[in-house]
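*Asks:* One structure coming up, written as structure tokens, with questions to follow.
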Amino acid sequence: MLIGYVRVSKADGSQTLAPQRDALLAAGVDPSRIYEDLASGRHDARPGLTACLKALQPGNTLSSGNSIVSGAISDIWSSRPRRSGSVALA
């Protein structure tokens, strides 16, 4: 199953999630499986990412509409306690 995560660092309306969401939708991610945050990745809580990581199951593929976000997800995922099975990061 494909799971998506999108984030922009400014919640003031100057950035939009639309291009990232559109890329994930075009890649076949179901809209109900796209998690999002409007916050700085460095200083703000990311409830969308927390929910996204909780939703991941062995065999899922996690995709992000942003390469910087993908790198951050990879770092977070690799520091988590191991579960059986694997998840692909795309």
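*Asks:* What distance in nm separates the two pseudo spin-label positions at L2 and D22, each 7 Å out from Cα along the beta-carbon direction?
*Replies:* Label-label distance for L2 and D22, simple model: 1.6 nm.
*Asks:* Just add up the charged neighbours of G28: K/R +1, D/E -1, any other residue whose Cβ is under 15 Å from the Cβ of G28. Don't jump to the answer; show the numbers that get you there.
*Replies:* Details: positive: R21, R33; negative: D22, D30.
Spelling it out: positives minus negatives among the neighbours equals 0.
*Asks:* Could you give me the ³J(HN,Hα) list for region 32-39, computed from phi with Karplus coefficients 6.51, -1.76, 1.60 and θ = phi - 60°, whole Hz, x at Gly and Pro?
*Replies:* 6, 10, 9, 9, 9, 9, 10, 6
*Asks:* If you don't mind, another one. What residues qualify as long-range amide H neighbours of Y35, i.e. H under 5 Å apart, gap of 5 or more or another chain, H built at 1.01 Å from N?
*Replies:* Here the answer is G4, Y5, V6, since their amide H atoms fall under 5 Å of that of Y35.
Values in this text are rule-based calculations from the coordinates and carry no lab data. Note that the structure is predicted; figures quoted are calculated from it, not measured. Every residue, glycine among them, receives a Cβ derived from its backbone with ideal geometry; neighbour counts consider all protein chains shown.
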